[in-house]
Amino acid sequence: MNGPLSGSAALCLHGFGSTPFEMRGLAGVLEAAGCVTSAPLLPGHGTSPEDWNRTGFDHWAGAAQREYDRLAGLAERVFVCGLSMGGLLALHLGAVRRPAAIAALAAPVFLYRFYPLEMTDWRLPLLPLFRRVRPLWPTAPGGAESRRIAPWQGYEGVIALGALAGLMDGMRRVRARLGEVTAPLLALHSPGDVTVPLSSSMAIVAGVSSAVRRLELLPVAERTTSRHLLTTHRDTRPRVERLVPEFFAQCLEPAAGPADA
């Protein structure tokens, strides 16, 4: 396979409650650039909310590590990219493996904090209580216009609070190990994201030990969607599909690499 990323593999990791659908466009662009690509379905996803509720961070991280190791046996180097929870898992891989580079897209290392006060949902601190009362919590599904602007496939109308607790635990654990991440890092985020705060990506870029680290903001004007689905949103998808392969290719340039930002 020819292209600027020939000899490489790319692991593309989807988000919480989602499916590989949201990573397929980016995976296709990376494949066209010469990568062997993989966009696996993570445990508990794509089956039932009950299955989802029985999984946690160790299940998702274990699956990501196994797929990373498989790709490492097929290619000279492995790049890792992920959206949301997939970005969190990419950072985890950066701490326990040695990827050639990481692209963390709207990745959470926290969803709320008390100092400085920041909270995407006031119920999050009460999660330990709510999950005991109602493990599968009803949510409003995305509307037709929202899906038209930012296509998505995954669990609709419900959130598994046990799985959410696992995600929160994973954020805490990855946040504590950010300093162990040394791979070149590209973080992408929309300033208007209502699911994961921009300050999370800022904390990631500040916390890693990567010599090359870059934060790119992808503004979104509309207010219909969550502005979180960077890989499928009509306004951000073209930039994601340009910036990630370019960053990975620059990381292969001898004694160079992208400048910090």
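Being within 24 Å of HIS233 (Cβ to Cβ) and surrounded by fewer than 20 Cβ atoms within 10 Å (Cβ to Cβ) is the requirement here; does PRO151 meet it?
Yes.
Determine, yes or no, whether VAL196 is buried (at least 23 other Cβ atoms within 10 Å of the Cβ), touching a residue at least 24 places away in the same chain (Cβ under 8 Å), within 24 Å of PHE79 (Cβ to Cβ) and out of contact with any helix residue (DSSP H, G or I) (no Cβ under 6 Å at 6 or more places or on another chain).
Taking the combined requirement at face value, the residue satisfies it.
Check ALA106, ALA64 and return the single one that is surrounded by 14 or more Cβ atoms within 10 Å (Cβ to Cβ), in contact with a strand residue (DSSP E or B) (Cβ under 9 Å, 6 or more places away or on another chain) and on the phi > 0 side of the Ramachandran plot.
Testing whether each residue is surrounded by 14 or more Cβ atoms within 10 Å (Cβ to Cβ), in contact with a strand residue (DSSP E or B) (Cβ under 9 Å, 6 or more places away or on another chain) and on the phi > 0 side of the Ramachandran plot leaves just ALA106.
Do we find that ALA106 is over 25 Å from SER226 (Cα atoms), modelled with pLDDT of 95 or more, of a type in the set (A, V, I, L, M) and in contact with a His (Cβ under 8 Å, 6 or more places away or on another chain) in this structure?
Considered against the rule, which asks whether it is over 25 Å from SER226 (Cα atoms), modelled with pLDDT of 95 or more, of a type in the set (A, V, I, L, M) and in contact with a His (Cβ under 8 Å, 6 or more places away or on another chain), ALA106 comes out as no.
Using the structure shown, decide if ALA165 is outside any helix (DSSP H, G or I) and at pLDDT 95 or above.
Against the criterion (outside any helix (DSSP H, G or I) and at pLDDT 95 or above), ALA165 does not qualify.
For segment 29-41, which residues satisfy the criterion of being touching a strand residue (DSSP E or B) at 6+ places or on another chain (Cβ under 8 Å) and without any contact (Cβ under 8 Å) to a residue 40 or more places away in the chain?
Matches in segment 29-41: GLU31, GLY34, VAL36, THR37, SER38, ALA39, PRO40.
State all residues of segment 120-134 that are outside any helix (DSSP H, G or I) and loosely packed, with under 15 Cβ neighbours inside 10 Å; if no residue qualifies, say none.
Result: ASP121, TRP122, ARG123, ARG134.
Here's the yes/no breakdown for (1) over 16 Å from the mean Cα position of the chain (by Cα); (2) buried (at least 17 other Cβ atoms within 10 Å of the Cβ); (3) at pLDDT 95 or above:
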{"site": "PRO20", "(1), (2), (3)": "no, yes, yes"}
{"site": "LEU26", "(1), (2), (3)": "no, yes, yes"}
{"site": "SER38", "(1), (2), (3)": "no, yes, yes"}
{"site": "LEU42", "(1), (2), (3)": "no, yes, yes"}
{"site": "GLU50", "(1), (2), (3)": "yes, no, yes"}
{"site": "PHE57", "(1), (2), (3)": "no, yes, yes"}
{"site": "ALA75", "(1), (2), (3)": "yes, yes, yes"}
{"site": "VAL80", "(1), (2), (3)": "no, yes, yes"}
{"site": "GLY87", "(1), (2), (3)": "no, yes, yes"}
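Scanning segment 119-148 for residues that are touching a strand residue (DSSP E or B) at 6+ places or on another chain (Cβ under 8 Å) and of a type in the set (Phe, Trp, Tyr), which turns out nearest to VAL220 (Cα to Cα)?
Per the criteria, the residue is TRP137.
Under the condition of being free of Cβ contacts under 8 Å to residues at least 12 places away in the same chain and hydrophobic (A, V, I, L, M, F, W, C), which residue from segment 236-256 is surrounded by the most Cβ atoms within 10 Å (Cβ to Cβ)?
Checking each candidate, the answer is ALA256.
Enumerate the pairs (first residue in segment 107-127 and touching a residue at least 24 places away in the same chain (Cβ under 8 Å); second residue anywhere and among the polar types (S, T, N, Q) and in a loop (DSSP other than H, G, I, E, B)) with beta-carbon separation below 7 Å, excluding pairs fewer than 6 apart on the same chain, so at least 6 apart or on different chains.
ALA107/SER84; PRO108/SER84; LEU111/THR120; THR120/THR195
Could you count how many residues in segment 219-235 are of a type in the set (Gly, Ala, Ser) and surrounded by fewer than 18 Cβ atoms within 10 Å (Cβ to Cβ)?
1
Any chance segment 192-206 includes a residue that's under 16 Å from the mean Cα position of the chain (by Cα) and more than 25 Å from GLU118 (Cβ to Cβ)?
No, segment 192-206 has no match at all.
The values are calculated or read from the model by the stated rules, or taken from the named source; none is laboratory data. Remember, predicted model here, so these are calculated numbers, not experimental data. As a convention, Cβ positions derive from the backbone with ideal geometry for all residues, glycine included, and neighbour counts pool all protein chains shown.
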